[in-house]
1. Against the longest principal axis of the chain, how steep is helix 161-181, in degrees 0 to 90 to the nearest 10, with axes from Cα atoms?
2. Tell me which of Ala71, Pro126, Ile21 sits at the most positive position along the dipole axis of the chain, charges placed on C-beta atoms (Lys, Arg +1; Asp, Glu -1).
3. If you filter the range 7-57 for trypsin sites (Lys or Arg not before Pro), then keep DSSP loop positions with at most 16 other Cβ within 10 Å, what is left?
4. Write down the Å³ per residue value for the convex hull defined by the alpha carbon atoms of the range 57-109.
5. Would you mind estimating how fast the range 41-162 diffuses translationally, via Stokes-Einstein at 37 °C and 0.692 mPa s with the Kirkwood radius over Cα pairs, in µm²/s?
6. Between Ala155 and Trp66, what's the calculated FRET efficiency when r is the beta-carbon distance and R0 is 25 Å? Round to 0.05.
7. P(r) for the range 101-236, please, calculated from all Cα pair distances in 10 Å bins and given in %.
8. Work out how much length Ile164 to Ser109 would gain on full extension: take 0.36 nm times their residue separation and subtract the Cα-Cα distance, in nm to one decimal.
Amino acid sequence: MMTIAYFVISILAFAVLLYGIKLYRLKKDVVFLLILAPLCLLWYDSLIIGLGSFIGEGQLLKSLSWPRYIAHELLLPFWIIAAGALARRANFGWAKNKWVMSIFCIMASFGLLLGIKELIHIDLFPACLGGTTRYVTFVSELQACRPEMAGLGHAPAGPPIVPILATVLFLLIGLIMWVKRKWPWLFLGALVMFVMAAIPQSVAGPLLSNIAEPLIGLSALISARFFIDSSPTYQG
């Protein structure tokens with residue numbers, strides 16, 4: 001059942017990606033590229049997890065799993081900049097200040113450096129949960145394919161800073177959009193992401209986060225389109 005769920009999520013994520021590409025081709029606004037960056041391999045992430053039970057442990061699945069981590073670490077910081085760009089598209093005066101956008105860019109650069117540092121030091125190990133097989137950076141006891149594999153890998157030193165920061169920024173800007181512009185969808189998409197990501201992966205692996213990621217991406221895309229359409233003369 002969990003394997004089927006990942007295939008469904010992969011299709012959903014790919015559909016959101018195609019929708020975002022369509023919006024960019026229509027509007028030619030860089031905000032869509034910023035939102036699309038983390039979405040470009042999101043479908044691949046769920047697809048490889050879904051295929052893992054068919055491929056099985058081994059070098060092939062491990063090699064196919066590396067792009068999942070590389071994309072996550074290197075592309076997710078673009079959502080930090082996207083949060084500031086969305087605030088600009090909503091015509092919030094404070095977001096039009098170049099120094100404010102510089103802060104968003106600095107935070108994203110810091111997040112990128114953290115991602116590069118993480119990639120340098122990690123290795124991947126097989127984990128099993130709910131009939132799925134995937135490669136992870138740390139094997140918890142509940143996801144060990146075999147008892148002796150529990151504890152393998154690089155245990156997280158703390159919470160994932162970049163995903164939390166990006167989600168919180170979307171939450172805050174989405175809340176301002178709701179209050180000031182009567183547009184709730186960015187906030188609601190980010191809230192789903194925040195709640196699902198807070199559930200420990202030992203319970204359902206990355207399944208809940210993988211469900212929420214295309215949803216928050218979709219909420220960002222439709223928010224960008226709404227505010228661009230509302231201000232057709234906007235110059236970003």
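1. That helix lies at roughly 30 degrees to the long axis.
2. It is Ile21.
3. Lys28
4. Spelled out: Cα convex hull of the range 57-109, divided by residues, is 67 Å³.
5. 201
6. Taking R0 as 25 Å, the efficiency between Ala155 and Trp66 is 0.80.
7. Bin by bin from 0 Å, the calculated values are 11, 30, 33, 17, 8, 1, 0.
8. Separation in residues times 0.36 nm, less the Cα-Cα distance, equals 18.3 nm.
Quick note: the coordinates plus some simple rules give every number you see, no bench work behind them. Quick caveat: nothing in here was measured; it's all calculated off a predicted structure. Quick reminder, even Gly has a Cβ in these numbers, built from the backbone with ideal geometry, and neighbours come from all protein chains shown.
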